[in-house]
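The values are calculated or read from the model by the stated rules, or taken from the named source; none is laboratory data. Only a predicted model underlies this, so the values are computations on that prediction, with no experimental measurement involved. All Cβ positions, glycine included, derive from the backbone under ideal geometry; neighbour counts span all protein chains shown.
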Amino acid sequence: MKKLLVVCSIFFTLTCVSPAYAALNLTLTQGVSSALPIAVVPFANDNNLSTIVSSDLNNSGKFKALDPSLMPAKPTDANEVNLDQWKNIKQNDVVVGTISSEGNQYRIHFQLLDVYKSNTPLLDQSMVVSKSQLRQGAHHVSDLVYQMLTGTKGIFSTRIAYILNNQGQYSLEVADYDGYSPKAILVSNQPILSPAWSHDGKKIAYVSYEKNNSHIYISTVATGVRRLVSNFPGINGAPAFSPNDNQLALVLSKGGNTNIFEINLNNNAITQLSSDSAINTEPSFAPNGQSLLFTSDRGGSPQIYRMNLSDHQSNRISFNGTYNARASFSPDGSQIVMLHAGSDTTGYGIGLQDLQSSAFLVLDNSGDDQSPSFAPNGQMVIFATKTGIHRQLALVSTDGRIKLRLPSDQGDVQEPVWSPFLN
Amino acid sequence: MFKKALQLGVVVLGVVALSACSTTGTGANNTNDKVNGGGDVQTSGAGSDNPLSNPNAMVPGANQRYFFDFNKSDVHDTDLPSIKVQSQYLVSHPSAKISAQGNTDIRGSREYNMALGQRRAEAVKKVFLLDGASANQIHTMSYGAEKPIANGNSETDYAQNRRVDVNYDAH
């Protein structure tokens, strides 16, 4: 058994904190006509904050934020809001606020009003952020507004990790959910695969070919410091953290076929979980930690199986289509999303299966989709698609009605994984 | 193993001794004929119109490319003669080593493709071993879908990527 090494590889890691620009440009391509009209009025001393909040709410597909040029007035306090003005242009809600500069920090004060109720705000909050964290402050406002009006936690302060492949130059990147402020955790001229977030949002496990064979590493996102976890001969692949982050499920071939294993990250003990001659790969833990999903072709073609972790017994759980792989649970454990082909001729899309009813919904079917990942509020799925020559990221709501694209001009973007809630 | 190598060495020596007495033939092809026990060696043209061709299939010691069907890891019957040629080269050159690198179509699951590429490389290795090559001369690995040679979306592009590359290690 190989020793686990703590490696501080400055040579291979690049932590460039970029200025706030979007390498990926999130664009809504399909919304719903029942989106709630909301006016986010430019704040006093605004500095772009209200624009970020409007974009966030639009990106959810559940709101339609009013263009500031159509606003009848620009109040900055709830008491200044003339409710009739906003009712006349069919806005349901109004957000107003102020930003004031305090040294190297901003104080943000905002209020949310329902124009059909009264001038008493539904939300009235202040926060202080450092000047470099204005985007994060705006996203926090969006989260609070979204939760108040939909009852669901917003994902505007979450992040995505993905692999960028620019003509053979690979990087593992972490960006805001909307593609802003990308930061490279690893840069390499050999493939990087299968990024996976830890459940505390602090680490990412991944597979790197920098030593000319697949090795699994875990990097700490904030510092780039990393640890070599697995470098057995043959394939080391598909890392996945257990819900308490103490175990890492992974795939080893040790020269033969691939089976599922588990490493205890505290004491390095390795347990073999599957042991047959099929291809077994892509383990993914249930939120309650009692089972895991995996892909196996033991039945002839790739399908999804569920293994009970108490006795390592598995059963097949996907029965739609000819090819199902890369499955993962929704945060509440009630659904699974997967890479899905309906038949040998329909190509690859994204499928969503309800575990209780077995209802199956095809969320997208471009013919060459892969790598779906749930948002931590269970409402959206991010995945990789292929339009033309390059791979691009896309998002779809779990009812299939809201669609977004995240195009990049930097080559292929693949294997997105959505972070857990980070605040 | 040693005994077998010794027997083979004796055969090769015998053949070389015989060829030394013969009149000169057509150079390189003639030598190849003798090493292969007198079988015909055919070098084919580049066949550039067919992206799934392997022009050096029967040239001993030349790098090879073997193609596979969708989601399958069965070695094509039509590749068996080429593998036989390469196995015999390995047998007669015990310090030669090859790396069999499995690849797949760019579609579908990347990790499944990694394992499928490995399975394809192992399938090629198995044929080499049946043909008498030594396991310690053959390294297998997989690049899955990560090193495509064709990036388009046509069936021909997909087919070109479903391959095992057999590369002789430089000495």
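Looking at A:Ser69, A:Ser54, A:Ser50, which is the one that is farther than 30 Å from A:Arg159 by Cα, part of a helix (DSSP H, G or I) and of a type in the set (Ser, Thr, Tyr)? Result: A:Ser69 is the single residue among A:Ser69, A:Ser54, A:Ser50 that is farther than 30 Å from A:Arg159 by Cα, part of a helix (DSSP H, G or I) and of a type in the set (Ser, Thr, Tyr).
Tell me which residues, restricted to segment A:256-281, are of a type in the set (Gly, Ala, Ser) and farther than 21 Å from A:Tyr217 by Cβ.
Scanning segment A:256-281 gives A:Gly256, A:Ser274, A:Ser275, A:Ser277, A:Ala278.
Among the residues of segment A:58-112, those identified as farther than 10 Å from A:Ala39 by Cα and small (Gly, Ala, Ser) are A:Ser60, A:Gly61, A:Ser69, A:Ala73, A:Ala78, A:Gly97, A:Ser100, A:Ser101, A:Gly103. Residues in segment A:279-326 that are under 25 Å from the mean Cα position of the chain (by Cα) and aromatic (Phe, Trp, Tyr): A:Phe285, A:Phe294, A:Tyr305, A:Tyr323. Restricting to segment B:123-146, count the residues that are buried (at least 18 other Cβ atoms within 10 Å of the Cβ) and more than 13 Å from the chain's Cα centre (by Cα). Total satisfying the criteria: 6.
Tallying residues that are part of a strand (DSSP E or B) and either free of Cβ contacts under 8 Å to residues at least 12 places away in the same chain or of a type in the set (Gly, Ala, Ser) (or both) within segment A:201-218 yields 2. So which residues in segment B:129-148 are over 21 Å from A:Ile235 (Cβ atoms) and either part of a loop (DSSP other than H, G, I, E, B) or of a type in the set (Lys, Arg) (or both)? Of everything in segment B:129-148, those that are over 21 Å from A:Ile235 (Cβ atoms) and either part of a loop (DSSP other than H, G, I, E, B) or of a type in the set (Lys, Arg) (or both) turn out to be B:Asp131, B:Gly132, B:Ala133, B:Ser134.
The number of residues in segment A:298-353 that are of a type outside the set (Ser, Thr, Tyr), more than 11 Å from every other protein chain (Cβ to nearest Cβ) and outside any strand (DSSP E or B) comes to 14.
Restricting to segment A:270-297, and then to whatever is part of a loop (DSSP other than H, G, I, E, B) and surrounded by 16 or more Cβ atoms within 10 Å (Cβ to Cβ), can you tell me which residue is farthest from the other protein chains (Cβ to nearest Cβ)?
Step one: list which residues in segment A:270-297 are part of a loop (DSSP other than H, G, I, E, B), which gives A:273-279, A:286-290, A:297.
From what is left, the residues that are surrounded by 16 or more Cβ atoms within 10 Å (Cβ to Cβ) are A:273-274, A:278-279, A:286, A:297.
Details: A:Leu273: 15, A:Ser274: 12, A:Ala278: 9, A:Ile279: 4, A:Ala286: 19, A:Asp297: 8 Å.
If we take residues in segment A:270-297 being part of a loop (DSSP other than H, G, I, E, B) and surrounded by 16 or more Cβ atoms within 10 Å (Cβ to Cβ), then A:Ala286 is farthest from the other protein chains (Cβ to nearest Cβ).
The single condition among (1) over 21 Å from the mean Cα position of the chain (by Cα); (2) of a type in the set (Ser, Thr, Tyr); (3) more than 16 Å from A:Glu415 (Cβ to Cβ) that A:Tyr209 does not meet is (3).
Of all residues in segment A:242-271, those satisfying the criterion of being among the small types (Gly, Ala, Ser) and within 20 Å of B:Gln118 (Cβ to Cβ) are A:Ala249, A:Ser253, A:Gly255, A:Gly256. The number of residues in segment A:344-362 being touching a Phe, Trp or Tyr at 6+ places or on another chain (Cβ under 9 Å) and surrounded by fewer than 21 Cβ atoms within 10 Å (Cβ to Cβ) comes to 5.
State which residue is farthest from the other protein chains (Cβ to nearest Cβ) when the search covers only segment A:252-269 and only residues that are outside any loop (DSSP other than H, G, I, E, B) and free of Cβ contacts under 8 Å to residues at least 40 places away in the same chain. Going through the qualifying residues, I end up with A:Asn264.
Give the number of residues within segment A:185-229 that are under 30 Å from B:Ile138 (Cβ atoms) and either within 14 Å of chain B (Cβ to nearest Cβ) or touching a Cys at 6+ places or on another chain (Cβ under 7 Å) (or both). First the steps, then the outcome.
Taking segment A:185-229 first, the residues under 30 Å from B:Ile138 (Cβ atoms) are A:188-194, A:206-217, A:228-229.
Next cut, either within 14 Å of chain B (Cβ to nearest Cβ) or touching a Cys at 6+ places or on another chain (Cβ under 7 Å) (or both) only: A:188-194, A:206-216.
Total satisfying the criteria: 18.
Considering only residues that are part of a loop (DSSP other than H, G, I, E, B) and of a type in the set (Gly, Ala, Ser), look in segment A:219-236 and name the one that is nearest to A:Ile279 (Cα to Cα).
Here is the first cut: in segment A:219-236, the ones part of a loop (DSSP other than H, G, I, E, B) are A:221-225, A:231-235.
Then keep just the ones that are of a type in the set (Gly, Ala, Ser); that gives A:222, A:224, A:234.
On the way: A:Ala222: 35, A:Gly224: 32, A:Gly234: 13 Å.
The residue in question is A:Gly234.
Checking each residue in segment B:115-155 for being more than 11 Å from chain A (Cβ to nearest Cβ), under 25 Å from A:Thr387 (Cα atoms) and not small (Gly, Ala, Ser) picks out B:Ile149, B:Glu155.
The residue that is nearest to the chain's Cα centre (by Cα), among those in segment A:354-376 that are part of a strand (DSSP E or B) and away from chain B (no Cβ under 14 Å), is A:Phe374. Mind listing just one residue for me: the one in segment B:156-171 that is more than 16 Å from the chain's Cα centre (by Cα) and within 14 Å of chain A (Cβ to nearest Cβ) and, of those, surrounded by the most Cβ atoms within 10 Å (Cβ to Cβ)? Step by step, filter segment B:156-171, then rank; the result is B:Asn161.
Put simply, of A:Ala240, A:Ala249 the only residue that is more than 25 Å from B:Glu122 (Cα to Cα), surrounded by 13 or more Cβ atoms within 10 Å (Cβ to Cβ), within 14 Å of another protein chain (Cβ to nearest Cβ) and of a type in the set (A, V, I, L, M, F, W, C) is A:Ala240. Filtered by the rule that a residue be within 11 Å of chain A (Cβ to nearest Cβ), buried (at least 20 other Cβ atoms within 10 Å of the Cβ) and among the hydrophobic types (A, V, I, L, M, F, W, C), segment B:62-114 gives B:Ile106, B:Met114.
So for segment A:397-416 (the condition being part of a strand (DSSP E or B), within 12 Å of chain B (Cβ to nearest Cβ) and either of a type outside the set (D, E, K, R) or out of contact with any helix residue (DSSP H, G or I) (no Cβ under 8 Å at 6 or more places or on another chain) (or both)), does at least one residue qualify? The answer is yes, given that some residue of segment A:397-416 is part of a strand (DSSP E or B), within 12 Å of chain B (Cβ to nearest Cβ) and either of a type outside the set (D, E, K, R) or out of contact with any helix residue (DSSP H, G or I) (no Cβ under 8 Å at 6 or more places or on another chain) (or both).
Residues checked against (1) under 26 Å from B:Pro60 (Cβ atoms); (2) among the small types (Gly, Ala, Ser):
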position: B:Ala121; (1), (2): yes, yes
position: B:Lys126; (1), (2): yes, no
position: B:Gly132; (1), (2): yes, yes
position: B:Ala135; (1), (2): yes, yes
position: B:Thr140; (1), (2): yes, no
position: B:Ile149; (1), (2): yes, no
position: B:Ser154; (1), (2): no, yes
position: B:Tyr158; (1), (2): no, no
position: B:Asn167; (1), (2): yes, no
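Answer with yes or no whether A:Ser132 is polar (S, T, N, Q), in the same structural domain as A:Asn45 (by TED's automatic domain parsing) and more than 20 Å from the chain's Cα centre (by Cα). In short, yes.
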